[in-house]
Every structure is written in structure tokens, then in C-alpha cells.
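Just below is one structure, and these are the notes that go with it.
The values are calculated or read from the model by the stated rules, or taken from the named source; none is laboratory data. Nothing here was measured: the structure is a model prediction, and the numbers come from that model. Every residue, glycine as well, gets a Cβ built from its backbone with ideal geometry; the counts of neighbours run over all protein chains shown.
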Amino acid sequence: MSILKIVAGLSLAVIISPAFAEEKFKVCADPLNPPYSTKKGEGFENKIAELFAKEVDHKVEYTWFAQRIGFIRNTLTASVNDRDVDSDQYKCDIVMGVPAGYDMTLTTLPYYTSTYVLLIARGRGWDDIKDATQLTELPLERQEALRIAMFDRGPGTTWMQQNGLLDQGVSYQSMSGDSENNVAMQIDKDFKAKKIDMVILWGPMAAYVMSQSPKNSYSMVLMKSTPKIKFDFAMAMGVRKGDKEKKAMLDKLIVNKANEIAEIIKRYNIPLVSINKN
């Protein structure tokens, strides 16, 4: 073998050696979950992941899995080799959006706080509603005409139950498993088809629904937390329990890049609030 071939082979070995491989910012995400994440990188969580990866000179790498029961088990805590359950090599390292204090992960500092809102389609006879409590005070004839989207879980359904409005609810699954529509996408379609007139929806999802229609198509009313029902939640990032090094890195990025994070979230018109201590 010639000296040139030997040198070329050694050079190639150095290039592909793991020690010289580009560092990865390994994110666990849903491929079709606007406004959070999409395979095209259009979600605000995609943009924040790109921001962080650039800051630490890493390349974003995704493990895609639909947001449903088993998401963490199939992504964050799943071994690269499914047959090697004791492996310390995982499919991905970071979930970009989990509730602060989420019990299935170690969570970072919160990086935004939003709230559930009452989203109302304008021009359908409900433009006078400026506060959710007005729905409970409507004359019976108007109240019976309500078509409010409700979910199989969540504070909106609890609020409707406590206020005697369950009969006016149009039921949805919070995790549908639909490969073509996430919940926000389905709500958008059903608003346009006039199957519903309003919905109690998590702020980022409501912002997405509003973004899919001309300006002023909807009214957004913030739901107010009470000692009995909490509507506002701080959101953080999740890493594997025990991965204090990754948490520390993300906490530092969240603090240092706070202005850039705020600008990204602002572009998506997500309603932000201060945490209610009730």
C-alpha cells in the first residue's frame, strides 16, 4: 500500500472519529405540534433550541415522537439501543417545554408563564362576552345555544363542570394521536367549520389558532386562577432526573438569553402572565 493511501486512511479515521464529531444539542420533540415544534422547525421551541445550540456551538438533533402518553419513556429516557436497557446512551437529552416541577423530569428554571384563555369567534353573537363569568349569568335560552370546546382533562373542563356548563361542551381528546392534526390544528378547523364558537384553551395553542385566521377574527379573554382552579402555569425545560450538568447548562442559557427568548415568544403572540400565587 502506498504512503499516500495510508495517510489518506488515517486522515479519514480522524475525521469520523467520535472524539472529533460535532457536538449535538439533542432535543425530544413532536414533529407536528404547532406552535411548539414541527419537523420544518417552525415552532417557537424549535427556534429556542436553535438559539441555545448556536450559543454552545452545537448542532440541533431531533428525536421525533408524538406528544402523547409514553412520550418521555420513548424519547428522553429511551436508550439508543432499545435492547440495552442499561445503556447510558439516550435518544435525546432535552424536552423544550414541560411544566415547572414536572415529576417525570428534572426541570430547569421557568422561561415563560402563560395561562388558559377563553377564545371566542367574533361575529357569531358572543361579542359582548368580555369575561368568562358572563357565560354563567346568561339567560337560559342564550346559555343553551353555547358551543364550547372542552377536553377530557384540564382546568377548562373543571371550570365548566363547576359552573354548570358541561351540557354546552363539545368534547375533544387532549391527546388525539392524530398524525395529521394536533389539538390546536383541529380546533382551528372546527372554528372555521362553525362546529364551535369558543374554547377554553392553553395560551400558546390559542395564539396558534388566532394566527391561522385574519386579524380580529377572535376575542381572547384570560382565565383567572382562583384558590379552586389554577389556569396559569410556568413552563420550563426537562432533562433526565440526575442530569444536573445539562440542567445547569440550560439554566445558564435561560438567564443569559432571556431577552432573545422573550423576542421569539413575542413573535408567536403567546399571552404571558405573572404567576398567580392562589
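Screening the candidates N163, N181, N256, N216 for the property of being polar (S, T, N, Q) and closer than 27 Å to T77 by Cα yields one hit, N181.
Every residue, every condition in (1) aromatic (F, W, Y); (2) surrounded by fewer than 14 Cβ atoms within 10 Å (Cβ to Cβ); (3) over 19 Å from E42 (Cα atoms); (4) touching a residue at least 60 places away in the same chain (Cβ under 8 Å), yes or no:
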residue	(1), (2), (3), (4)
Q186	no, no, no, no
S213	no, no, no, no
P227	no, yes, yes, no
K247	no, no, yes, yes
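Report yes if A193 is of a type in the set (G, A, S) and surrounded by 14 or more Cβ atoms within 10 Å (Cβ to Cβ), otherwise no.
On the way: of a type in the set (G, A, S): yes; surrounded by 14 or more Cβ atoms within 10 Å (Cβ to Cβ): no.
No, not satisfied.
State yes or no: is N269 surrounded by 15 or more Cβ atoms within 10 Å (Cβ to Cβ), in contact with a helix residue (DSSP H, G or I) (Cβ under 7 Å, 6 or more places away or on another chain) and touching a residue at least 40 places away in the same chain (Cβ under 8 Å)? When the stated conditions are applied, N269 passes them. Against the condition crowded, with 19+ Cβ neighbours inside 10 Å, assigned by TED's automatic domain parsing to the domain that holds G125, of a type outside the set (K, R) and within 16 Å of Y36 (Cβ to Cβ), how does M198 come out, does it pass? Spelling it out, it is not the case that M198 is crowded, with 19+ Cβ neighbours inside 10 Å, assigned by TED's automatic domain parsing to the domain that holds G125, of a type outside the set (K, R) and within 16 Å of Y36 (Cβ to Cβ). The single residue among E22, E42 that is assigned to a loop (DSSP other than H, G, I, E, B), at pLDDT below 95 and not assigned by TED's automatic domain parsing to the domain that holds G203 turns out to be E22.
To keep it simple, each residue is scored yes or no on (1) assigned by TED's automatic domain parsing to the domain that holds A78; (2) within 15 Å of S114 (Cβ to Cβ).
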position	(1), (2)
G154	no, yes
D188	no, no
A206	no, yes
S213	no, no
P227	no, no
K247	yes, no
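Would you mind telling me which numbered condition in (1) farther than 23 Å from N46 by Cβ; (2) in a loop (DSSP other than H, G, I, E, B) L272 fails? For L272, the failing item is (1).
What is the residue count in the stretch 45-77 for residues that are in a loop (DSSP other than H, G, I, E, B) and either crowded, with 18+ Cβ neighbours inside 10 Å or touching a strand residue (DSSP E or B) at 6+ places or on another chain (Cβ under 8 Å) (or both)? Write out each step before concluding.
If we filter the stretch 45-77 for residues that are in a loop (DSSP other than H, G, I, E, B), which is where we start, we get 56-58, 65-70, 75-77.
Filter once more, so that each one left must be either crowded, with 18+ Cβ neighbours inside 10 Å or touching a strand residue (DSSP E or B) at 6+ places or on another chain (Cβ under 8 Å) (or both): 56, 58, 65-67, 75-77.
Of the residues in that region, 8 qualify.
Do we have K266 as at pLDDT 95 or above, more than 20 Å from the chain's Cα centre (by Cα) and outside any loop (DSSP other than H, G, I, E, B) here?
Details: at pLDDT 95 or above: yes; more than 20 Å from the chain's Cα centre (by Cα): no; outside any loop (DSSP other than H, G, I, E, B): yes.
Criteria not met by K266.
Among the residues of the stretch 143-188, just one is among the basic types (K, R) and at pLDDT 95 or above, namely R147.
Of the residues making up the stretch 171-208, those that are farther than 24 Å from Q143 by Cα, of a type in the set (A, V, I, L, M, F, W, C) and part of a helix (DSSP H, G or I) are V183, A184, M185, M205, A207. Could you grab me the full set of residues in the stretch 126-149 that are in contact (Cβ under 8 Å) with a residue 24 or more places away in the chain and outside any helix (DSSP H, G or I)? Residues satisfying the conditions are W126, D127, I129, K130, D131, A132, L146, R147, I148, A149.
Of the numbered criteria (1) in contact with a strand residue (DSSP E or B) (Cβ under 8 Å, 6 or more places away or on another chain); (2) among the aliphatic types (A, V, I, L, M); (3) within 15 Å of A121 (Cα to Cα); (4) surrounded by 21 or more Cβ atoms within 10 Å (Cβ to Cβ), the one A207 fails is (1).
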